[in-house]
């Protein structure tokens with residue numbers, strides 16, 4: 001795990017010393033991603049410069065140093081990530097006459113791209129990766145990103161210079177960098193609390209899509225090409241495993257996950273795992289421990305607020321699996337102390353509040369290990385989110401009613417306050433969602449949808465009309481929210497459609513962004529075995545009843561986990577990785593929030609409409625509504641803006 005950055009100045013008006021000075025300054029800004037060593041390289045004639053920060057995981061010697069030049073001297077690479085089938089690919093390359101200096105996976109990627117071509121090489125890789133590859137022969141620059149978007153990669157033109165790198169913050173190290181906020185991207189951010197691919201917060205700068213290779217030649221011709229496409233996977237599968245027995249599916253899933261986990265346990269440095277006590281992390285740890293002769297080191301963060309604390313469940317799982325368990329109970333004050341630092345390592349506005357515990361557990365783990373496995377991805381692949389089942393049931397009911405009747409129902413929901421709905425929810429059976437009031441109000445908004453696709457978009461939105469929040473804002477329909485290439489029959493496959501939408505957007509742009517930035521902020525490599533692309537293809541080829549059965553998601557994953565952990569240790573309502581942000585904003589964070597949300601500050605920036613923000617802030621402070629998520633989005637933007645535009 002590392003950080004890469006670079007630029008291509010087509011004017012070619014800089015000397016070698018200047019090129020290296022610029023890219024070194026850029027690389028220094030992402031030093032936290034790779035604190036072990038750094039390197040630079042340039043092609044003075046072309047105005048191309050590569051910078052790299054290394055977190056040494058495999059082959060700790062100089063043979064793994066980057067930027068790396070191929071044996072033939074025909075190509076150069078900077079790379080971030082891990083390729084877990086590197087030993088097999090190395091053997092294949094050796095059989096074809098390739099020679100190696102070390103045993104790093106970087107060298108495997110470099111020689112594979114040179115020998116087989118970039119796209120063909122990417123199709124062979126099992127792992128997470130983002131890289132820049134320069135072909136001296138064809139004078140082409142290639143950028144590549146892994147199939148699920150686990151590792152970030154930004155690219156684009158600014159002031160006529162082509163920039164690329166793991167994080168936008170590195171571009172600020174170049175003296176020509178002049179960023180301008182993209183108001184349409186900002187509008188999209190306020191809808192979802194993250195900036196969705198392919199745009200970034202800045203005009204002209206994009207995120208490379210998952211499973212994509214980009215090429216740029218000396219005539220500035222840009223070409224992007226998919227080497228793996230989830231929609232193609234979903235379209236082309238024929239559900240050929242749907243006629244298999246539950247036991248056959250269970251064995252196949254168990255074996256596949258074992259291999260995915262085993263491959264991610266290879267490292268030349270200490271390794272451990274995050275453990276929340278939920279299905280996904282418990283399964284990853286169980287599969288690790290089943291394939292290890294020593295106790296696995298596991299890490300969890302606990303909170304003193306009982307409604308947000310899963311540490312006691314994690315401890316129970318750790319005792320059963322006999323791991324070497326580490327836990328840290330964090331006070332509200334300690335968690336809140338993280339907030340001012342978030343914009344420094346999330347260099348786009350980003351507002352998933354679970355970034356705070358993710359950072360804290362990463363910091364805890366980094367004291368003992370350099371690599372930690374995570375259970376992310378299980379909800380998207382195996383239909384674990386409550387909204388999948390609830391969304392399907394809600395739309396199945398709503399679609400039979402005309403719009404005017406849905407409008408009356410929405411008004412009826414608003415007749416009860418949020419607190420009254422919450423009180424009612426506490427009387428319901430345990431499978432009803434927590435915080436029922438806010439969910440009921442969100443459902444009332446989503447009930448006004450024009451169809452199932454629009455319904456789901458409203459269901460996951462933080463601001464229903466984000467264009468009204470941004471002065472001069474315009475909401476563009478971004479992929480995948482614009483349309484799927486292969487539209488599903490939403491009435492028949494609505495759950496699967498929601499899974500695809502989340503895997504294409506929410507997963508890479510929220511969940512994986514959170515894990516990458518929080519772990520990299522402390523120099524920790526986080527690996528996500530459930531997102532092995534073979535597991536993804538298997539999951540999207542499953543019949544629905546292998547995912548949702550008896551009103552519960554992740555059925556097959558739960559069956560696999562039953563082989564390692566007794567069901568009673570796991571069987572409880574889903575909690576999530578939450579924090580009492582609503583209470584903090586009314587209490588210890590109120591002064592901080594009030595300053596960022598002040599009319600004077602917002603008006604001075606000239607970007608946002610003050611009225612809807614102040615209205616929600618007023619309603620939140622009074623307890624009339626819990627607007628924690630949408631207000632957190634505004635606060636994180638304000639804090640980000642102050643960090644990056646008022647230095």
Exercise for review: Would you mind putting 355-362, 95-102, 613-620, 254-261 in packing order, based on average other-beta-carbon counts within 10 Å, highest first?
Suggested key: 355-362, 254-261, 613-620, 95-102
Check your understanding: Where both residues lie in the chain, what percent of DSSP beta bridges are antiparallel, nearest 5?
Key -> 75
Practice item. At 7 Å along the Cα-to-beta-carbon direction for both residue 591 and residue 180, put a label point, then send me their distance in nm to one decimal. Key: 4.0
Check your understanding: residue 237 versus residue 583, label points 7 Å from Cα toward the beta carbon: distance in nm?
Key -> 4.1
Study note, to complete from the structure: The extension gain from residue 71 to residue 618, computed as 0.36 nm times the residue separation minus the Cα-Cα distance, is 190.5 nm
Revision key, fill the gap. A correct fewest-to-most ranking of 285, 470 by other Cβ atoms within 10 Å would be 470, 285
Review point. Sorted by packing (mean other beta-carbon atoms within 10 Å per residue), highest first, where do 171-181, 188-198, 114-124 land?
Key: 188-198, 114-124, 171-181
Review point. Only one of the listed values, (1) -0.58; (2) -0.65; (3) -0.73, was derived from the coordinates as log10 I(q)/I(0) by the Debye sum over Cα atoms at q = 0.08 Å⁻¹; which label is it?
Key: (1)
Point to revise | Amide N of the range 399-414 lying under 15 Å from the label point, which is placed 7 angstrom from the Cα of residue 445 along Cα→Cβ | key: 410-411, 414
Check your understanding: Under a plain spin-label model, where a point goes 7 Å from the Cα along Cα-to-Cβ, how far apart in nm are residue 267 and residue 139?
Key -> 4.3
Exercise for review: Can you tell me the order of 13-25, 142-154, 43-55 when each peptide is scored by its average per-residue count of other Cβ atoms within 10 angstrom, highest first?
Suggested key: 142-154, 43-55, 13-25
Check your understanding: How large is the helix-only mean residue ellipticity at 222 nm for the chain, computed as the sum of -39500 (n - 2.57) over DSSP H runs with n ≥ 4, divided by its residue count, in deg cm²/dmol to the nearest 500?
Key -> -12000 deg cm²/dmol
Practice item. Starting from the Cα-Cα distance between residue 221 and residue 62, subtract it from 0.36 nm times their residue separation and give me the gain in nm to one decimal. Key: 53.7 nm
Study note, to complete from the structure: Here the relative contact order (percent) of the chain, from C-alpha pairs under 8 Å and at least 6 apart, is 15
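Only the coordinates and a few stated rules stand behind these numbers; no lab work does. Because the structure is a prediction, the values reported are computed rather than measured. Please note: Cβ atoms are built from the backbone with ideal geometry, for glycine as well, and neighbour counts cover all protein chains shown.
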